[in-house]
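First up is the structure itself, then whatever we jot down about it.
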Amino acid sequence: MSIATNIRKIERSLPSGTRLIAVSKTRTPAEILEAYSTGLRRFGENKVQELVAKQPVLPSDIEWHFIGHLQRNKVKLIVPFISLIHSVDSQKLLATIDHEAQKINRVIPCLLQIFIADEETKFGLTEEEACTLLSSEEYSNMLNIRIAGVMGMATFTMDEDKVGMEFRKLKDFFNYLKNRFFQEQETFGEISMGMSSDYPLAVEEGSTLVRIGSSIFGERES
Ligand SMILES: *Cc1c(COP(=O)(O)O)cnc(C)c1O
C-alpha cells in the first residue's frame with residue numbers, strides 16, 4: 001500500500017480530537033514529501049542531526065515535532081524551528097530549552113515525558129519528579145517554554161490490558177496535573193501517546209497526538 005493510502009486509512013480511524021504525527025525518522029525527504037502531498041503537516045523526528053539535515057530541504061510549513069531523547073548540548077540546533085518538544089525528561093533539559101529560546105525570543109511548547117512503562121530502558125520523569133519540577137521556583141521563572149501536556153510510551157507487549165492500563169494512568173496523571181497546576185489554562189491540553197502497534201488503545205484512552213511511523217511508511221530497516 002502507498003504512503004498516501006496508509007495516511008488516509010489512519011486519519012479516517014481517528015476521532016476529531018486526535019491529530020496524527022507522521023514519524024519520519026530514517027525516511028528520505030522524498031518519502032516525507034509523499035506524505036506531505038496528502039496534506040499532512042506534522043512530522044516527528046527523534047535524532048537532532050537527522051532533523052537538522054532534513055528540515056532545510058523540506059517545505060517550511062512543516063510542523064516539526066521532536067520525540068526522542070534530547071541532549072542538552074543539541075537544544076540550540078532545533079530551537080529556531082521546532083513546533084513541539086514531546087520528550088522533556090529532566091528539569092535541567094527544560095531549563096536549557098528555556099535559556100536557548102530566550103536568546104532568540106521564542107516560546108517553545110513542550111510536553112513532559114512521563115515514565116509509564118515497566119521497561120528500564122525508557123526515558124521519562126516519574127510522577128513525583130514532574131510535580132517537583134512544576135512546583136519549583138526555577139520553573140516559575142522560565143518564560144520561554146510553555147508546558148502543553150504530557151507524553152508517554154507504553155511497555156512493548158502484546159498484552160492489551162497492560163498497555164491500556166498504562167495509557168489510562170497517563171491520562172489520569174494529565175488530569176491531576178491540569179487540576180493542580182494548570183487550572184483554567186486552555187494551553188495545557190495535549191496527551192501524546194500511541195504508536196503504530198498500540199495507537200487504537202491510546203485513542204480509546206484519550207490520546208490527542210498519535211506518533212505513527214511504520215504503519216505509514218512501512219517497517220524500518222534500522
Ligand atoms: C519511532 C517512534 C515512534 C513511532 O514508532 P512506529 O512503531 O514506527 O509507529 C513513536 N514515538 C517515538 C518516541 C518513537 O521513537
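Quick look at the values:
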quantity: Residue, farthest from the ligand (Cβ to nearest atom), within region 73-82, restricted to residues that are over 10 Å from ILE108 (Cβ atoms) and surrounded by 15 or more Cβ atoms within 10 Å (Cβ to Cβ); calculated: LYS76
quantity: Region 85-95, residues that are open to solvent by 10 Å² or more (accessible area, probe 1.4 Å) and touching a residue at least 40 places away in the same chain (Cβ under 8 Å); calculated: GLN91, ALA95
quantity: Positions within region 3-41 being open to solvent by 50 Å² or more (accessible area, probe 1.4 Å) and either over 27 Å from VAL75 (Cα atoms) or in contact with a strand residue (DSSP E or B) (Cβ under 9 Å, 6 or more places away or on another chain) (or both), in sequence order; calculated: THR5, ARG8, LYS9, GLU11, ARG12, SER13, PRO15, SER16, ARG19, GLU34, SER37, ARG41
quantity: Residue under evaluation LEU111, criteria (1) over 28 Å from GLU137 (Cα atoms); (2) of a type outside the set (Gly, Ala, Ser); (3) outside any loop (DSSP other than H, G, I, E, B), criterion not met; calculated: (1)
quantity: Unmet requirement for GLU138, which otherwise passes all of (1) out of contact with any strand residue (DSSP E or B) (no Cβ under 9 Å at 6 or more places or on another chain); (2) within 16 Å of the ligand (Cβ to nearest atom); (3) open to solvent by 10 Å² or more (accessible area, probe 1.4 Å); calculated: (2)
quantity: Pick from region 171-207, criterion more than 14 Å from the ligand (Cβ to nearest atom) and touching a Lys or Arg at 6+ places or on another chain (Cβ under 7 Å), ranking: least open to solvent (accessible area, probe 1.4 Å); calculated: PHE188
quantity: Filter result for ARG146 (under 18 Å from the mean Cα position of the chain (by Cα) and over 28 Å from ARG106 (Cβ atoms)); calculated: no
quantity: Count - residues of region 79-137 that are within 29 Å of LYS54 (Cβ to Cβ) and of a type in the set (Asp, Glu); calculated: 4
quantity: Considering residues of region 146-170 that are within 14 Å of the ligand (Cβ to nearest atom) and touching a strand residue (DSSP E or B) at 6+ places or on another chain (Cβ under 9 Å) only, the residue most open to solvent (accessible area, probe 1.4 Å); calculated: MET153
quantity: Conditions (1) surrounded by 14 or more Cβ atoms within 10 Å (Cβ to Cβ); (2) not in a loop (DSSP other than H, G, I, E, B): number failed by ALA117; calculated: (2)
quantity: Meets criteria (exposed (fewer than 14 other Cβ atoms within 10 Å of the Cβ) and under 24 Å from TYR36 (Cβ atoms)) for ARG220; calculated: yes
quantity: Near pairs, Cβ below 6 angstrom, 6+ apart or cross-chain, from region 176-203 (free of Cβ contacts under 8 Å to residues at least 24 places away in the same chain) to any residue that is surrounded by 14 or more Cβ atoms within 10 Å (Cβ to Cβ) and in a loop (DSSP other than H, G, I, E, B); calculated: LYS178/PHE188
quantity: Neighbours by Cβ (under 6 Å, 6+ apart or cross-chain): first from region 54-68, assigned to a loop (DSSP other than H, G, I, E, B); second basic (Lys, Arg) and crowded, with 19+ Cβ neighbours inside 10 Å; calculated: ILE67/ARG211
quantity: Considering residues of region 154-189 that are within 14 Å of ILE116 (Cβ to Cβ) and of a type in the set (Lys, Arg) only, the residue farthest from the chain's Cα centre (by Cα); calculated: LYS162
quantity: Filter result for GLY44 (surrounded by 16 or more Cβ atoms within 10 Å (Cβ to Cβ), of a type outside the set (Lys, Arg) and at positive phi); calculated: no
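The values are calculated or read from the model by the stated rules, or taken from the named source; none is laboratory data. Fair warning: this is a prediction, and the values are worked out from it, not measured in the lab. We place every Cβ from the backbone using ideal geometry, glycine too, and count neighbours over all the protein chains shown. The accessibility values were calculated without ligands, DNA or RNA, using every heavy atom of the protein model including side chains. Shrake-Rupley method; radii C 1.70, N 1.55, O 1.52, S 1.80 Å.
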